[in-house]
Amino acid sequence: MLLAFDTSSAACTVALFDDDGVCLGSRDKLLGRGHAEQLVPMIDEVLAGRKTDRILVGVGPGSFTGIRVAIAAAHGLAIGWDADLRGMSSLALLAAGAAAEGEVVAAITGGHGELFVQQFEAVTLEPTSELFNLPPDAAAGAVTAQLVIGSGAKLLVDARGWGKAREGWPSAANSLALPESQRSLLPRPIYARAPDARVPEAA
């Protein structure tokens with residue numbers, strides 16, 4: 001079995017799949033905060049006493065704290081269960097919920113009023129652009145798809161003056177819809193920008 005979860009956004013999302021890729025159960029909660037307190041109980045609820053030998057964790061980009069919560073939990077469970085651990089793109093997981101054709105932009109709000117933005121082919125979910133971390137005005141010129149999904153969708157569409165904005169959140173139930181390239185990442189954070197806190201340089 002495979003356990004997948006993501007806490008990179010305001011959503012806390014967990015899903016369990018059997019060896020044939022059938023989703024045995026999933027839970028999605030829109031929390032904003034409190035992922036650390038909610039994640040493990042949600043995992044316990046989905047597992048219902050079962051143990052998995054594969055773990056897939058969302059590695060961002062997104063909330064610094066949320067990403068760290070999920071990855072820390074994933075590493076702990078992988079050690080305890082001797083499970084194979086891999087990372088998945090949180091933006092690809094968001095794009096998977098668009099249920100669209102053509103191309104789709106995943107856009108989520110980041111720090112300092114900037115957006116994390118990446119464009120995907122809506123069916124295959126392969127990326128068709130680089131991953132950007134830009135202010136809305138700059139992000140507006142970086143992607144071309146009509147449909148934009150995510151917490152930053154309205155900001156992006158308003159900045160460029162055209163397109164369709166759809167609010168949405170990652171759902172672990174869509175994890176196996178991702179191509180191998182987007183769900184075989186190293187299980188470490190993708191921050192897409194440097195942390196705000198910096199180590200002072202030596203004199």
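The values are calculated or read from the model by the stated rules, or taken from the named source; none is laboratory data. Keep in mind that what you see is a predicted model, and the values were worked out from it rather than measured. Counting neighbours? That spans all protein chains shown, and the Cβs are built from the backbone with ideal geometry, glycine included.
Tell me which of these Leu91 doesn't satisfy, since it passes every other one: (1) assigned to a loop (DSSP other than H, G, I, E, B); (2) crowded, with 24+ Cβ neighbours inside 10 Å.
Going through (1) assigned to a loop (DSSP other than H, G, I, E, B); (2) crowded, with 24+ Cβ neighbours inside 10 Å one by one, Leu91 breaks only (1).
Can you tell me which residues in the range 67-87 are under 14 Å from Asp6 (Cβ atoms) and among the β-branched types (Val, Ile, Thr)?
Scanning the range 67-87 gives Ile67, Val69, Ile71.
Search the range 100-121 for residues being farther than 14 Å from Ala165 by Cα and surrounded by fewer than 20 Cβ atoms within 10 Å (Cβ to Cβ), and hand back the single one that is modelled with the lowest pLDDT.
Gly111
Scan Glu130, Glu121 and give me the residue that is over 17 Å from Leu156 (Cβ atoms) and either out of contact with any Leu (no Cβ under 9 Å at 6 or more places or on another chain) or of a type in the set (Ser, Thr, Tyr) (or both). If you could, list the steps in order and put the result at the bottom.
Working: Glu130 fails: over 17 Å from Leu156 (Cβ atoms).
Being over 17 Å from Leu156 (Cβ atoms) and either out of contact with any Leu (no Cβ under 9 Å at 6 or more places or on another chain) or of a type in the set (Ser, Thr, Tyr) (or both) holds for just one of Glu130, Glu121, which is Glu121.
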